[in-house]
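Structure first, then comments.
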Amino acid sequence: MSIIEILEKIPLFSEMDKADLNKIKEVLKEKRYSRDESIFFETDLGDIFYIVYEGRVKIYNISLQGQVKILDFLGKGDFFGEMALIDEMPRSANALAVEDTVLLTISHSEFQQFLQKQPDILFKITKTLCRRLRKADLEIELMAFGDVKSRLVSCLLNIIKKYGIQKGGSDIIPPIFTHKDLSEIVGTSREVISRILKQLKEDKLIKIGKKREILIPSSAALEKLLKESH
């Protein structure tokens, strides 16, 4: 997939014509990161806007006690780093390449120029920020009032929406999502995640594949379980 095709699929730029997209392409710089290489750290100066061209990026925080909380996984076409470019505050989270990754970057000054020429982009960024804020609000609610099982079920449903693969009537969560990943998203230990997954399997709500992928015969059944737990 070409850079222009990637840009066309990103909501921020999807309504631009080819001429404007080519202008953006001209100022984009390519940065490559190896697996497990840090992209930036929390409190770093935010002066670059990133678009994922290839690979996968983990956005996360680390508590004072050293506990990791994964906020999101980003893949091809996703963007990040926009908050610091708008409010000129330091980074609010860490970013790490989960696998060999290629990012397209725009500097702060070039980004500001685009905002002046394409003010509708700011509105689209605001919509994206609101969507992420709503997601964060739901997670905070689950952390405050939901048990670990509810949080894991919600996590599985969110992964399905973004990364799920449909096959044979089931939704499949690929094995790139490890028990460690799930524990750091949910906010618990790997042992607890393993125990709850085993319970969900016994209840026939999930199956575990030969490659450790998670097969979900009915997402509706998981959604019903989540609603009943509230």
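The values are calculated or read from the model by the stated rules, or taken from the named source; none is laboratory data. What you see is a predicted model; the values in this text were computed from it and never measured. When we count neighbours, we look across all protein chains shown, and the Cβ atoms used for this are built from the backbone with ideal geometry, even at glycine. All accessible areas refer to the heavy atoms of the entire protein, side chains included, with ligands and DNA or RNA removed. Shrake-Rupley method; radii C 1.70, N 1.55, O 1.52, S 1.80 Å.
Okay, here's what the table says:
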quantity	calculated
Carbon + sulfur, % of accessible area of segment 1-119 - ligands and nucleic acids excluded, 1.4 Å	49
Tilt relative to the chain, helix 148-163 - C-alpha long axis, 0 to 90 degrees, to 10	50
Spacing of the two label points (7 Å from each Cα toward its C-beta) at K117 and L138, in nm	3.6
Solvent-accessible area, 1.4 Å probe, carbon plus sulfur percent, for segment 123-230	57
Alpha-carbon spread of segment 142-209, three principal axes, descending order, Å	35, 25, 20
Two-site label geometry, E42 and E5: point separation in nm, points 7 Å out along Cα→Cβ	3.8
Values of log10 I(q)/I(0), in the order q = 0.10 Å⁻¹, for the chain under a Debye, Cα-only, solvent-free model	-0.52
Cα convex hull of segment 2-92, projected area averaged across orientations, nm²	6.6
Residues of the chain: accessible area per residue with a 1.4 Å probe, Å²	58
With all protein chains modelled, accessible area of T178 [1.4 Å, Å²]	60
Note, ³J(HN,Hα) from phi for segment 19-24, Karplus 6.51, -1.76, 1.60, rounded to Hz, x at Gly and Pro	4, 5, 5, 5, 5, 5
For the chain, calculated [θ]222 nm from helices alone, where every DSSP H run of n ≥ 4 adds -39500 (n - 2.57)	-14500 deg cm²/dmol
Angle between the chain longest axis and helix 108-117 axis [Cα atoms, degrees, rounded to 10]	80
Charge dipole magnitude, Cβ of K and R +1, D and E -1 - segment 1-125, Cα centre, debye nearest 20	160
Calculated FRET value between K29 and D87, using beta carbons and R₀ = 25 Å, to 0.05	0.65
Rh (Kirkwood; distinct C-alpha pairs) - segment 105-230, Å	16.5
Angle between the chain longest axis and helix 190-202 axis [Cα atoms, degrees, rounded to 10]	60
Whole-Hz ³J(HN,Hα) from phi, Karplus 6.51 cos²θ - 1.76 cosθ + 1.60, for segment 68-83, glycine and proline x	8, 10, 6, 8, 5, 10, 10, x, 3, x, 6, 10, 7, x, 6, 4
Using a Förster distance of 30 Å, the FRET efficiency for K207-K227 (Cβ separation, nearest 0.05)	0.85
